[in-house]
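The numbers here are math on the coordinates, done by the rules we state, and not lab data. Just so it is clear, the model here is predicted, and its values are computed rather than measured. Glycine gets a Cβ as well: all are built from the backbone with ideal geometry, and neighbour counts include every protein chain shown.
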Amino acid sequence: MVFSIPMRRRLLIATALALGISVNGAPSPRAESAAALGGRVTSADEGPMEGVLVSAKKTGSTVTITVASDRDGHFAFPENRLTPGHYVLAIRAVGYDLDHPVEADVPQPSAIDLTLRRTEDLAAQLTNAEWFQSFPGTPAQKQPLLECMSCHTFERIARSTHTADEWVGVLQRMAGYANNTTPAYPQRRAAERKLAPERARKTADYLATINLSTASTWAYPLKTHARPSGRATRVIITEYDLPRASIAPHDVRVDPDGVWYSNFSEQYLGRLDPSTGRPSEYPYPMLKPGFPTGALDMEADQDGNLWLALMFQAGLAKFDRKTQQFRLFPIPSPQNSDTMQQSMVMPRHSDVDGKVWTNDVNRHAILRLDLASGTFESIDPFNSIAGEHTHAPYGMMTDAENNLYFLDFGDENIGRVDAKTLKVTLYPTPTAYSRPRRGMLDAAGQLWFAEFAANAIGMFDTKAERFQEWPLPTPWSAPYDVTIDKNGELWIGSMSSDRVVRLDRAGGQTTEYLLPKQTNIRRVFVDNTTTPVTFWVGNNHHASIVRLEPLD
Amino acid sequence: MTPKTLATLTIAATLFGSCPFARAGGTPDEEADQQMPSKAIVGFVKDANGSIVADAKVVVTFKVGNTDLITRSDATGHFRIPGFSKDANADSVELSCSKAGYKQTASLKRRSAAASTTAPIEIDCVLAQQ
């Protein structure tokens, strides 16, 4: 042994360093006194490495714990996070692999030092945001790829050998998949969807310039983003595997009963018990056999009952928390076409007037369910003004009078529908074609929303009718959603970079936490009952629920 | 060409020049067609002397249907309200503006020489200081 400091003491110091606290100072609420497992990450190229995600998974467990190495390369798993047993370690650090497989027993008295070597397959490690920056071409050429990443990574595009002519057919085939498709659970649309030929040709011509149709390797350099550093390394991430690869958790919501999640691919509402890692599944019946299955938006009403937007099953479902029974609200037959699709639901203030808001995705309209009669009335906010120009109501919020606020994901408006008069008011965002996607309305009447196409976060003050915008640091982040925590900090998920962005407006500081596995972040949730707050999200591409605990 | 017209044209060019490509990426969830930028209503809020008025509330009411569009004039007095059909024209809408300490005296519609499906609809709004 080189060091004279006793091993136990070394691990304690390593833990303290990794947690960003003073060895002698007062511990933060999440600081633990000793490490169950720790060591140092180095490589021949860099020496000690900061921001390497180190994951530990116990044999036979469905739970993976991840920490990040600090600026001196130290990493440490707090003692209370790893129960005794045999663990396999894994890392995420773009450009690197573990030099050799590493396993360890816990408790582990010795430091486990990890040696990394340059990967031989960098393309397998790139995030979609990194592919966006690596691909040659104009933003306009790359922009159609935004639609691809909902279902899969760009690696399969880059590795393909399709010619431009072949791409036209591939794109047409892709257009036939439902939105709620993953590689593990492909679903065909019932209604045919044709791509405009000139658009397919344009995209096909471009894709044939970035794949391997004419060469055995890429003519452009593969660009990577910096690893996490500083505050972004002071985090503990827990991943809970769900029982089938086909499960795509879309929305998550934490309450005393556990972590609820909508399943984007199958007819189940899910609930994870984080103390055991065990999920429960609550099945609900199929409304339209032969149509794609799964739900998107999951929202609670005033009594805590959970509502689901049933996508191509066409309608809404209400899960009664007391009886644990579902009540389904199908779209009645005259309205219910083969393209009928509900992605959103907003029941939060339905006790005010007995009405629940949802959307009619195909017709770019809003629907309002009357609970007493089960009928849906249609409100078209754009029909009179827009003509051929496409808008699309997506994210929805309500105020105390059950007036609706909605986000025009097809274009660039925040909309309001008066619950009593159905009068529509549109507020264009300051950035043109921002495609506001999802968000939340806080108690002060501030509406926070992700600007998917503007790589920014917006806030619309519903009382003052004024906007503010904050750009995100990483290009092509494609934010889906944002939520504000009890401290006024914003939490944002990127659909492309596998990063959770924490934006401290007061301090002007942005922190980007990297998740351990590839994903396509959708709805984000912050649990404000803990200090610091706890961030939750589903991994829709790898069938897991993710808990991110910042240590400050 | 007056400086004022030039300013308007410059801003219009900037607006559409900044987004020259079609709305790639398609519309959400459903269609995958590319959209061209929508037709917009653009203009300036001014006072009786022709000076610009910043941070005035601008409301566009479409004569058909039940939809208002609301924005504010920027630091140069300019405003832009997008999202309209190519068939929309200055007669399709009423435009009003307001600001504390002012009252509206007129909204002035300007027509382009030739009917255009893409050029913005230009309407200025005039406020008098009270």
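Tabulated data for the structure shown
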item: Backbone HN-Hα couplings from phi across the range A:254-269 [Karplus 6.51/-1.76/1.60, Hz, Gly and Pro as x]; result: 10, 9, x, 7, x, 9, 8, 9, 7, 9, 6, 10, 10, 7, 9, 9
item: Helix A:197-210 axis, angle to chain A major axis (alpha carbon atoms, nearest 10°); result: 10
item: Of A:Lys318/A:Lys486; A:Lys318/A:Lys355; B:Lys57/B:Lys99; A:Lys420/B:Lys57; A:Lys202/B:Lys86; A:Lys194/B:Lys86, those spanning more than 18 Å from alpha-carbon to alpha-carbon; result: A:Lys318/A:Lys486; A:Lys420/B:Lys57; A:Lys202/B:Lys86; A:Lys194/B:Lys86
item: Neighbourhood net charge (15 Å Cβ-Cβ; Lys/Arg +1, Asp/Glu -1) for A:Gly230; result: 0
item: C-alpha center-to-center spacing [the range A:183-241, the range A:106-133] in angstrom; result: 20
item: Part-to-part distance (alpha-carbon centres) for the range A:360-407 and the range A:458-510, which is given in Å; result: 25
item: The range A:195-312: Rg to Rh, with Rh as the Kirkwood radius over Cα pairs; result: 1.14
item: Summed residue charge, Cβ within 10 Å of A:Lys423's Cβ, Lys/Arg positive, Asp/Glu negative; result: 0
item: Sequence-distant aspartates and glutamates (8 or more away, or on other chains) whose Cα lies within less than 17 Å of B:Lys103; result: B:Asp47, B:Asp55, B:Glu94, B:Asp124
item: Zero-based 10 Å bins, Cα pair distances in the protein assembly as shown, whole percents; result: 3, 14, 24, 24, 19, 11, 4, 1, 0
item: Rg/Rh (Cα only; Kirkwood hydrodynamic radius) as it applies to the range A:25-144; result: 1.07
item: Viscosity 0.890 mPa s, temperature 25 °C, Stokes-Einstein D of the range A:308-424 from Kirkwood C-alpha radius, µm²/s; result: 170
item: Per-selection Kirkwood Rh - the range A:92-242 (Cα, Å, 1 d.p.); result: 18.4
item: For A:Arg278, distant residues with modelled amide H under 5 Å away; result: A:Asp273
item: Residues with amide H under 5 Å from that of A:Asp255, placed H, sequence gap 5 or more; result: A:Trp260
item: Amide hydrogen neighbours beyond the local backbone of B:Gly83, cut-off 5 Å, H modeled; result: B:Ser38, B:Lys39
